[in-house]
Amino acid sequence: MKLPFENVLKRLEDIKKVVSASSKNRFIKTDKQLSLILITTFIVSVAALFSYWFFEEKPYYDNLLSEKDELIESLKFTRDKQKKIHENTVDAYEKKLTTEYVLKSIYDDKINDFEQKLTSYRNDYLHKEEHAKQVAELESRLKEEYAAKEHQVKSDYEQKIMMLEQKTAVLEDKNLDLKTTLQESADFIREEKEILEETLVSERKRAFIPSLVLPETKNRIVDANALKRLVTIKDKLKRIEEMDIALKPDIYFEMGIISYYNKQHGEAIELWENALSLNKNNFKIYICLGVVYAEENMADHAVKILKRAIEINPKYSTLHLTLARIYEQKGALDDAIYEYSRALELNPETIDIYNTLGTLYEKKGLKEEARRSFAQYEKLKGVNK
């Protein structure tokens, strides 16, 4: 390697030679002056050498040191990466060995088990072909025996059939009168059923029991004797139904009304649901079911049944009115207001709804809407007077 201060030494020797030559040619320098010149030259050389090292060599070595740290970090990263790859590869192979390979001894044991079972089957069971051969021989022997006995068996069956036909004819003769009686009884019961059905409807109307159980139509006071007669007719019809004689679909609805006024709400619900299954277009059934569901604290069932009726006939105002009252009982004021508004829209003559709407608006804090509803109620009330 070439030293950075070799040129400086050569220059010092050249300077020394020049000084010697010039001293011979011009004048003689003293030793003190020569020492000063040499010291100055040495100081300048040292300064130049330090500057060269500081500005050229030191950045070079610093750069080498920084690159060394980066190279070490890169080597560490590469080493860790290779280590991770190696670990993953080892794990993959171990997993593959665990999941894809099993011990050969396991299969050897299974093969031995199957061979033992096969030997056991050979000793305890017939081969399939041997079994088929024996079955064919048995069928052939049975056919031969059956052909020999067929004539005798046929004769015996014909005699038995003849005897049974004779007995059947005798029994039919004996039961002919009974069948006639049963038919006459069934016809009588059917006639009685029709009379009872008509009587039930007429007696209900005579007792001033309406076909709806709404608060504004409900008969609060029903004559006990009239109700007793209606219950008796209803029980007779139920006994006729138990004889597998169908009643008219609307009679179940009438029977449900009698059960309701007799405070048998469970039986009324059952009868009305039966009537609804037979006639889905009788909207009085939906209304009565909705009311009795609500009275039995089954408001969700009431809402469901009334919504189903509204889907069938959305223009029946009484359905909306009944649903609105049930929503009001539940505390669902927004739904109640909507249904009351729909009922009023379909039947503007029900002016009492304005008063109810005013009360609901007050509960919700809608004072302006409440004031308008009350005002409309008072206005229409005055007009109707």
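Summary of values
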| read-out | value |
| --- | --- |
| The range 191-205, subset open to solvent by less than 30 Å² (accessible area, probe 1.4 Å) and in contact with an Asp or Glu (Cβ under 7 Å, 6 or more places away or on another chain), residue nearest to Cys288 (Cα to Cα) | Arg204 |
| Test result for Tyr338, at pLDDT 90 or above, in a helix (DSSP H, G or I) and either under 26 Å from Trp272 (Cα atoms) or charged (D, E, K, R) (or both) | no |
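For every residue, the table says whether it meets (1) touching a Gly at 6+ places or on another chain (Cβ under 6 Å); (2) open to solvent by less than 70 Å² (accessible area, probe 1.4 Å); (3) touching a residue at least 40 places away in the same chain (Cβ under 8 Å).
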| residue | (1), (2), (3) |
| --- | --- |
| Ala207 | no, yes, no |
| Ser211 | no, yes, yes |
| Lys228 | no, no, no |
| Lys234 | no, yes, no |
| Ala275 | no, yes, no |
| Leu278 | no, no, no |
| Phe283 | no, yes, no |
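Matching residues to (1) touching a helix residue (DSSP H, G or I) at 6+ places or on another chain (Cβ under 7 Å); (2) assigned to a helix (DSSP H, G or I); (3) more than 20 Å from Glu216 (Cβ to Cβ):
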site	(1), (2), (3)
Arg342	yes, yes, no
Pro348	no, no, no
Thr356	yes, yes, no
Leu360	yes, yes, no
Gly365	no, no, yes
Glu369	yes, yes, yes
Ser373	yes, yes, no
Glu378	no, yes, yes
Lys381	no, yes, no
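The values are calculated or read from the model by the stated rules, or taken from the named source; none is laboratory data. From a predicted model like this one, the values you see are computed outputs, not experimental measurements. All Cβ positions, even for glycine, are placed from backbone atoms using ideal geometry, and neighbour counts span all protein chains on display. Remember, those area values only see protein heavy atoms, side chains included, never the ligands or the DNA or RNA. Shrake-Rupley method; radii C 1.70, N 1.55, O 1.52, S 1.80 Å.
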